[in-house]
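S.K.: Submitted below is the structure of interest, expressed as structure tokens.
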Amino acid sequence: MTTNENTTDSARQNTDTAAKEYVHEHAPRLAWAKHAPEVYKAMIRLDAEARKGVDPVTLELVKIRASQLNHCAFCLDMHSKDALAAGESVERIIQLGAWEESQHFYTPREIAAIELTEAITVLTDGFVPDETYEKAAKLYDEKELTQLIAAITVINAWNRFGVSTRMVPGHYTAGDFK
């Protein structure tokens, strides 16, 4: 190998192994929790009440799916990390974006919860379809269903705070807000 070829190979290796340059991280629009601390505290209390009686695994799946639909990167980051820390599989988290084609990864109750999450999150038709509601009602008793609806509603509210204020993903550590 000549000196020129050796130098070229060395330069190519340095390019391949050099750190990638990513797009600059955006700044949040405002620190809403700082400027509205009582609203933030009320959301924390509402979240704690809404999660009571909801299976923790289902709860994280619901939070991730709603956050996907709402394009809330901060909440996706948070709830994916919390789910992984709690033992959820990467495969099930990844498949949530295509759950209708990969239902074999989920239990019937989880599928009903995910489907209900989509119906409550995307209200473009103005209502939750009877079929979707009835499917969930067959698998959850009234108390469980009420709590599940509350949990879905709360994550949608969190998503709206996150998206509108452009909360920055990537800095959350699992369990930070537990």
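The values are calculated or read from the model by the stated rules, or taken from the named source; none is laboratory data. Computed from a predicted structure; not experimentally measured. All Cβ positions, even for glycine, are placed from backbone atoms using ideal geometry, and neighbour counts span all protein chains on display. Accessible surface is based on the protein model in full, side chains and every heavy atom, while ligands, DNA and RNA are left aside. Shrake-Rupley method; radii C 1.70, N 1.55, O 1.52, S 1.80 Å.
S.K.: Out of the residues in segment 114-168 that are more than 25 Å from A98 (Cβ to Cβ) and among the basic types (K, R), state the one that is modelled with the lowest pLDDT.
M.R.: That would be R166.
S.K.: Could you please find all residues in segment 48-75 being within 14 Å of R160 (Cβ to Cβ), in a helix (DSSP H, G or I), in contact (Cβ under 8 Å) with a residue 60 or more places away in the chain and hydrophobic (A, V, I, L, M, F, W, C)?
M.R.: Kept after step one, since they are within 14 Å of R160 (Cβ to Cβ), are these residues of segment 48-75: 63, 66-67, 69-75.
Cutting the leftovers down to in a helix (DSSP H, G or I) gives us 63, 66-67, 69, 73-75.
Of the ones still in play, those that are also in contact (Cβ under 8 Å) with a residue 60 or more places away in the chain are 63, 66-67, 73-75.
If the condition is that a residue be within 14 Å of R160 (Cβ to Cβ), in a helix (DSSP H, G or I), in contact (Cβ under 8 Å) with a residue 60 or more places away in the chain and hydrophobic (A, V, I, L, M, F, W, C), then A66, A73, F74, C75 are the ones that fit.
S.K.: Could you list, in sequence order, all residues of segment 124-172 that are among the β-branched types (V, I, T), without any contact (Cβ under 8 Å) to a residue 40 or more places away in the chain and under 23 Å from A48 (Cβ atoms)?
M.R.: T146, I149
S.K.: Mind listing whichever residues of segment 116-134 are aliphatic (A, V, I, L, M) and in a loop (DSSP other than H, G, I, E, B)?
M.R.: Scanning segment 116-134 gives V122, L123, V128.
S.K.: Of the conditions (1) closer than 15 Å to A48 by Cα; (2) surrounded by 17 or more Cβ atoms within 10 Å (Cβ to Cβ); (3) in contact with a Lys or Arg (Cβ under 9 Å, 6 or more places away or on another chain), G175 fails just one. Which one is it?
M.R.: With (1) closer than 15 Å to A48 by Cα; (2) surrounded by 17 or more Cβ atoms within 10 Å (Cβ to Cβ); (3) in contact with a Lys or Arg (Cβ under 9 Å, 6 or more places away or on another chain) applied to G175, the lone miss is (2).
S.K.: Which of the residues spanning segment 19-51 are under 23 Å from E144 (Cα atoms), charged (D, E, K, R) and open to solvent by 70 Å² or more (accessible area, probe 1.4 Å)?
M.R.: Once the filter is applied, which keeps residues that are under 23 Å from E144 (Cα atoms), charged (D, E, K, R) and open to solvent by 70 Å² or more (accessible area, probe 1.4 Å), segment 19-51 yields R45, E49, R51.
S.K.: Among the numbered criteria (1) within 17 Å of L59 (Cβ to Cβ); (2) assigned to a helix (DSSP H, G or I), which one does D176 miss?
M.R.: (2)
S.K.: Run down V62, V54 and say which single residue is more than 14 Å from the chain's Cα centre (by Cα), within 24 Å of T132 (Cβ to Cβ) and open to solvent by less than 30 Å² (accessible area, probe 1.4 Å). Working first, answer last.
M.R.: Numbers: V62 fails: more than 14 Å from the chain's Cα centre (by Cα).
From the options V62, V54, the qualifying one is V54.
S.K.: Is it the case, given these coordinates, that A157 is surrounded by 11 or more Cβ atoms within 10 Å (Cβ to Cβ), of a type outside the set (V, I, T) and not in a helix (DSSP H, G or I)?
M.R.: For A157, the condition - surrounded by 11 or more Cβ atoms within 10 Å (Cβ to Cβ), of a type outside the set (V, I, T) and not in a helix (DSSP H, G or I) - is not met.
S.K.: Take the conditions surrounded by fewer than 18 Cβ atoms within 10 Å (Cβ to Cβ) and either in contact with a Leu (Cβ under 9 Å, 6 or more places away or on another chain) or of a type in the set (V, I, T) (or both) and apply them to T117. Does it pass?
M.R.: Against the criterion (surrounded by fewer than 18 Cβ atoms within 10 Å (Cβ to Cβ) and either in contact with a Leu (Cβ under 9 Å, 6 or more places away or on another chain) or of a type in the set (V, I, T) (or both)), T117 does not qualify.
Residues checked against (1) in contact with a Gly (Cβ under 9 Å, 6 or more places away or on another chain); (2) open to solvent by 80 Å² or more (accessible area, probe 1.4 Å); (3) assigned to a loop (DSSP other than H, G, I, E, B):
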site	(1), (2), (3)
H79	no, no, no
E88	no, no, yes
W99	no, no, no
E110	no, no, no
A136	no, no, no
Q147	yes, no, no
F161	no, no, no
V168	no, no, yes
